[in-house]
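Inspection log for the structure reproduced underneath, given as structure tokens.
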Amino acid sequence: MKLKQICEGKVKLFVPDVAIPEHGKGIGFYNPAMLVDRNISVCAVYVFAKRFRERYSREPRLCDALSATGVRALRYRIESGVSRVLANDVNERAAELIERNTKLNKANIEIANRDANVLLSERRFDIIDIDPFGSPVRFIDATARSLSKFSLLMVTATDTATLYGKYTECCRRRYFANSYPFFERELGVRILISFIIRELAKYNLCFTPVLSYTRRHYLRVFGLVEKGSSKVNEVLSAFKPLYCTQTEWRFSPFGGARYVGEIYLGRLHEKNVCREIRDEMLKRGMEGSEILERAMEEIEQPFYYELPEIASSLRVNLPKISEVIRSLRARGYSASRTVFSQCAVKSDAGANEVKKALSNPSLSPSTTSERRRA
Ligand code: SAH
């Protein structure tokens, strides 16, 4: 297969010369559409590494466990400034390509050609990136054994049909939860996070989500990992039995609701960390910072209201999201956009209140009384 040379961020790369990324799988999968995700990851690693050095006065050890072309490992080495980087891929030809790309950039990174689970079971790392094709589930146990007591874990899942509710049983087998096409992006992310938290909990490691989002064909979660049973107990206390319908969710059964499982309903983003990552992205002029912006804006309320669905059920035109948010806030509720859907609103208001806000978004309570007076 032919290779071509490209640039991404500050690295040069040989990648398979194919029109469709999947066709390059045999030698080293490269998907240019993941640029934004890699930008965010570069800055997340930069921010974490800074904290790590302040705490331990040593360099964190980073493992890009499923590296393919080496793009992430090289960007972490060159752009995040982490000096102890390992790039691994089980595919021999991918490992050769990583070698070639490492030379091309005159970078100093370690390369391995092993099964990620074997590698991670043997060695400890402070930063791990798990970015596979499909589901990450089969790598999380070994990852948990490798993570140090203060570390950063980044995980991608591309089994979206499973996590978003198309294959409910498959989701149950992989993630011990039933997925449904209700609030599917956020529900998928929460199912993934729940799985990671439980896999790490066995080893007394607490996974605290710092940034979670979905884009195109994938889900991505970033979490700070810390050792300690009380921390683990605390994060587990955010797990609740979750029942959902298309528009509602509760902690106990109700009419027509489906049982999802014991799901993590705590925080999905740490605003301070998101802000630092965003600032770093802006400083570097990187594409993708709006995802961080959205994550920072989000209120902590689980799930959201899809406005187009509500508008069509009410037979009203879809108002501007910002107006609906303003109207809900004027009524004393908290409300925000969400990182998970362009046209949805998160709010602690009940469905009826949201319907009211949608029927007449400009009608905040004060203008109502003014109009009555007039
Ligand atoms: N992270 C890359 C894309 C990785 S694609 C990027 O950002 O571009 C997934 C890679 O995982 C493939 O190259 C595949 O060869 C590798 N892989 C699959 N199973 C593996 C395993 N058990 N151990 C190590 N690598 C594996």
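The values are calculated or read from the model by the stated rules, or taken from the named source; none is laboratory data. Just so it is clear, the model here is predicted, and its values are computed rather than measured. Neighbour counts are summed over all protein chains in view; Cβ atoms, including those assigned to glycine, are modelled from backbone coordinates with ideal geometry.
Below is a table of values for the structure above.
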read-out	value
Residues of the stretch 186-225 that turn out to be part of a loop (DSSP other than H, G, I, E, B) and at pLDDT 95 or above, as a count	3
Matching residues, the stretch 32-83, being more than 25 Å from D17 (Cα to Cα), among the basic types (K, R) and buried (at least 19 other Cβ atoms within 10 Å of the Cβ)	R61
Of all residues in the stretch 33-66 being part of a strand (DSSP E or B) and within 16 Å of the ligand (Cβ to nearest atom), the one that is farthest from S83 (Cα to Cα)	D64
Helices (runs of 4 or more DSSP H) wholly inside the stretch 87-185 that include at least 1 residues being basic (K, R) and within 11 Å of the ligand (Cβ to nearest atom)	92-104, 137-146
Pairs with Cβ under 7 Å, 6+ apart, first in the stretch 206-231 and over 19 Å from P32 (Cβ atoms) and in the same structural domain as I130 (by TED's automatic domain parsing), second among the small types (G, A, S) and surrounded by fewer than 18 Cβ atoms within 10 Å (Cβ to Cβ)	C206/G228
Residue match in the stretch 133-149 (condition: buried (at least 20 other Cβ atoms within 10 Å of the Cβ) and more than 30 Å from G261 (Cβ to Cβ))	no
Within the stretch 174-200, tally of residues that are more than 14 Å from F239 (Cβ to Cβ) and of a type in the set (F, W, Y)	3
